[in-house]
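Let me begin by presenting the structure, written as structure tokens, before commenting on it.
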Ligand SMILES: [Zn+2]
């Protein structure tokens, strides 16, 4: 179980709807780094409680995303495990009768994560619309919580649909490339699309001073370049 991520002894493990979930300590570390700056600028509430509130919202949002993938896999009779790791997480197929299914299933399973988040966003919007807002207080900032919930479940799933591997959009793009070009050539094409689009977005991120996404995209692009080198041999 969970062979691909190094064990540190600080993992949190539990099951939800029978699906094993592992939360790696890097998940909290990365979320803290990303939220740390923003929390200082929140005008009301207590900084520590605001940070805890935001962490819970990030955790629930990413978990719902991965549960979307896992739910569809379960529908296809594929068993899965969820890992929450730095910069997000993944739902990993680990067996079951449906494991060798077709490329359209890869498309639907990849779409299910962002769709689950859009549904959660719908719930948040309905909640904000119908429930009375919490007035400014010493404990928790209502505005900041709503902002983080909307941001996590609107911006992240949209970015996740970019055709860059191993994001969900990249997996969808890979499935289509495989349909048209076969497994091997399709993967090469999907990797090239990931690298070219990734490089363009790296340049744009730094131009618009979006350093966190810039660094994340550099990491993905290097990873995809190395993957491409391994597939086609060194040159
Ligand atoms: Zn996903």
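The values are calculated or read from the model by the stated rules, or taken from the named source; none is laboratory data. Just so it is clear, the model here is predicted, and its values are computed rather than measured. Glycine gets a Cβ as well: all are built from the backbone with ideal geometry, and neighbour counts include every protein chain shown.
What the table shows:
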item	result
Odd one out for residue 225, checked against (1) without any contact (Cβ under 8 Å) to a residue 24 or more places away in the chain; (2) touching a helix residue (DSSP H, G or I) at 6+ places or on another chain (Cβ under 6 Å)	(1)
Hey, residue 53 in contact (Cβ under 8 Å) with a residue 12 or more places away in the chain, away from the ligand (no atom under 12 Å from the Cβ) and part of a helix (DSSP H, G or I) or not	yes
Residue within region 40-48 that is outside any strand (DSSP E or B), more than 16 Å from the ligand (Cβ to nearest atom), closer than 15 Å to residue 168 by Cα and not assigned by TED's automatic domain parsing to the domain that holds residue 210 present	no
From 127, 169, residue being part of a helix (DSSP H, G or I) and surrounded by 19 or more Cβ atoms within 10 Å (Cβ to Cβ)	169
Test for residue 134: is it without any contact (Cβ under 8 Å) to a residue 12 or more places away in the chain, out of contact with any strand residue (DSSP E or B) (no Cβ under 6 Å at 6 or more places or on another chain) and in a loop (DSSP other than H, G, I, E, B)	yes
Output for region 42-75, where each listed residue is farther than 20 Å from residue 30 by Cβ and surrounded by fewer than 17 Cβ atoms within 10 Å (Cβ to Cβ)	43, 44, 46, 49, 75
Flag if residue 148 is modelled with pLDDT under 95, within 24 Å of the chain's Cα centre (by Cα) and either within 16 Å of the ligand (Cβ to nearest atom) or not in a helix (DSSP H, G or I) (or both)	no
Residue that is surrounded by the most Cβ atoms within 10 Å (Cβ to Cβ), among those in region 77-119 that are modelled with pLDDT under 85 and near the ligand (Cβ under 10 Å from one of its atoms)	89
The listed residue being part of a helix (DSSP H, G or I) and more than 21 Å from the chain's Cα centre (by Cα), out of 223, 230, 209, 174	230
